[in-house]
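The values are calculated or read from the model by the stated rules, or taken from the named source; none is laboratory data. Here the structure is a predicted model, which means the values were calculated and not measured. Heads up, the Cβs are rebuilt from the backbone with ideal geometry, glycines too, and the neighbour counts pull from every protein chain shown. Please note that ligands, DNA and RNA were not included when accessible areas were found on the heavy atoms of the full protein model with its side chains. Shrake-Rupley method; radii C 1.70, N 1.55, O 1.52, S 1.80 Å.
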Amino acid sequence: MSTPVRRHALIGLAVAGLAGVLAAWFLLGAGRRATVAFRAERETVVRAQALAELVTRAGLQGDQVRQVVARFTAGDSTVRSTRVILLEGLSLEASTFSEDVGEKAAPRRLQKEEKPLYDQGQRLRAAADTNREDQASMKEEIEVSPMADGSLDVAVPLLRDGVVVGFLQLVTAPPAGAAPTAPWWPALLSLLLPLALFAAAATVLPERRLVLTLAGLVLLIAGLLGFQRAGARTLGADRHAAEEAVAAHAVAVGARASALAGELGLAGQPFDPSAWDVTVFSKPYGLFSSTGQLDSGRVQAALGATAANWRSLFWLLGGFSGLLLLFFSTGTAARLWATLVTHRSAYFYVSPAMVGMLLLVFFPFFYGIALSFTGSTIYNSDKSIPEIWVGVKNYTEIISDVKVAQHSAGGWAINNQNF
């Protein structure tokens, strides 16, 4: 392994493997944390939707609404505070927030400094109206805001005859326990095993750059594929456990809501806990029944989507790691370093321009490519790339939808999304 060709190939495999495995390990940890956050968000929305239905049954205003809010909040240690805001009359109907006591206790009219609450209610009303008029899910009808301490601030609309007349705000207690991380042993194995096999194979392989580079590529891909499969199993198990937890949580909240409704004499149809498990566009996930029984077909489809997104990440990582290996194993890195050392004064003078090109041209270019693999819109710009990652879905839709014009009863219409 003392010859330059073999040394370059080994260094290339080590650098490419380290970069690929470290990036994959980080993304796996981010994926696990995203699953935990996804579960927490859905469980919080279930609580808020359940309480909103109780408030609606209580008539949206009056003493019974305040009893519902106080007793529901007191019976759930994961709920820190709740409040009910009605847009008609700009009133605070019920609240368990610490600041809403004494002269500020509900019921009362919203004060000037509480205008953000009124604005939030108007946003929710406008989102629901826009989605209904456009018959599309474009604006979020439920607002979920993570807070600095890890708690969630959720606002769900209150409806009367299908029209948003106010909203319910629910803030959770900070989560207990540490966030999950990616297991380290698959990453270590995926990095060290290819290096050991290459070191052993290089002693018998001919000292040809092409042969050693191909051997390094094969071992690099094998190592990354091993980590990809281990990560897919981990993410699949996490997602399935999350679905079971959300279903069990919804059933438990439904039982509490039914008991509270019975105690307060709130008439109505039996609660359907599965109807509370909705997206931020108020669309049901439909992954379990009213009794908490998981729909195996839909759950498997959700797990398949998670696995597909994880695989698409590895295509990108594999391509990047492969290019990195070629950069070193072909001797390009060594020649570049020698050139930099020889002409270091010239490169020192042009380095500001090179840094400017890197930050102003190349970073936006590659960031744009990364965004093309997400479902990024102006409505979810506050979310991280792992949270909105959709893999090659956007490219698949572009390639599969080749119609530039569609005919309807009103005539021909141009499909602007294909331009």
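Descriptive notes on the structure:
- Close pairs from segment 249-269: first modelled with pLDDT under 95 and among the acidic types (Asp, Glu), partner assigned to a helix (DSSP H, G or I) and surrounded by fewer than 20 Cβ atoms within 10 Å (Cβ to Cβ), Cβ under 9 Å, at least 6 apart: Glu263/Arg71
Okay, residues lined up against (1) at pLDDT below 90; (2) of a type outside the set (D, E, K, R); (3) touching a helix residue (DSSP H, G or I) at 6+ places or on another chain (Cβ under 9 Å):
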| site | (1), (2), (3) |
| --- | --- |
| Ala34 | yes, yes, yes |
| Thr44 | no, yes, no |
| Arg47 | no, no, yes |
| Asp63 | no, no, no |
| Thr96 | no, yes, yes |
| Gln122 | no, yes, no |
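- In segment 27-75, residue nearest to Ser91 (Cα to Cα) [restricted to those that are among the hydrophobic types (A, V, I, L, M, F, W, C) and without any contact (Cβ under 8 Å) to a residue 40 or more places away in the chain]: Val65
- Only strands (runs of 3 or more DSSP E) whose full extent lies in segment 110-224 are considered here, and the ones with at least 3 residues that are surrounded by 18 or more Cβ atoms within 10 Å (Cβ to Cβ) and among the hydrophobic types (A, V, I, L, M, F, W, C) are 152-160, 163-172.
- Leading residue by the ranking (farthest from Val68 (Cα to Cα)) among those in segment 33-53 that are within 22 Å of the chain's Cα centre (by Cα), among the charged types (D, E, K, R) and open to solvent by 50 Å² or more (accessible area, probe 1.4 Å): Arg33
Conditions (1) of a type outside the set (Ser, Thr, Tyr); (2) part of a loop (DSSP other than H, G, I, E, B), marked per residue:
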site: Ala37; (1), (2): yes, no
site: Val45; (1), (2): yes, no
site: Leu51; (1), (2): yes, no
site: Leu54; (1), (2): yes, no
site: Val65; (1), (2): yes, no
site: Val69; (1), (2): yes, no
site: Thr82; (1), (2): no, no
site: Gly89; (1), (2): yes, yes
site: Leu92; (1), (2): yes, no
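- Any helices (runs of 4 or more DSSP H) falling wholly within segment 309-419 and containing at least 3 residues that are modelled with pLDDT of 85 or more: 332-342, 344-357, 363-371
- Some residue of segment 335-342 being open to solvent by 30 Å² or more (accessible area, probe 1.4 Å), within 26 Å of Gly20 (Cα to Cα) and β-branched (Val, Ile, Thr): no
- Restricted to segment 4-32, and to residues there that are open to solvent by 30 Å² or more (accessible area, probe 1.4 Å) and not aliphatic (A, V, I, L, M), the residue that is modelled with the highest pLDDT is Trp25.
- Remark: pairs (first residue in segment 171-189, farther than 13 Å from Leu235 by Cβ; second residue part of a loop (DSSP other than H, G, I, E, B) and open to solvent by 90 Å² or more (accessible area, probe 1.4 Å); Cβ separation under 8 Å; 6+ apart in sequence or on different chains) = Ala173/Ser77.
- Taken together, the residues in segment 284-301 that are over 17 Å from Ala252 (Cα atoms), without any contact (Cβ under 8 Å) to a residue 40 or more places away in the chain and in a loop (DSSP other than H, G, I, E, B) amount to 2.
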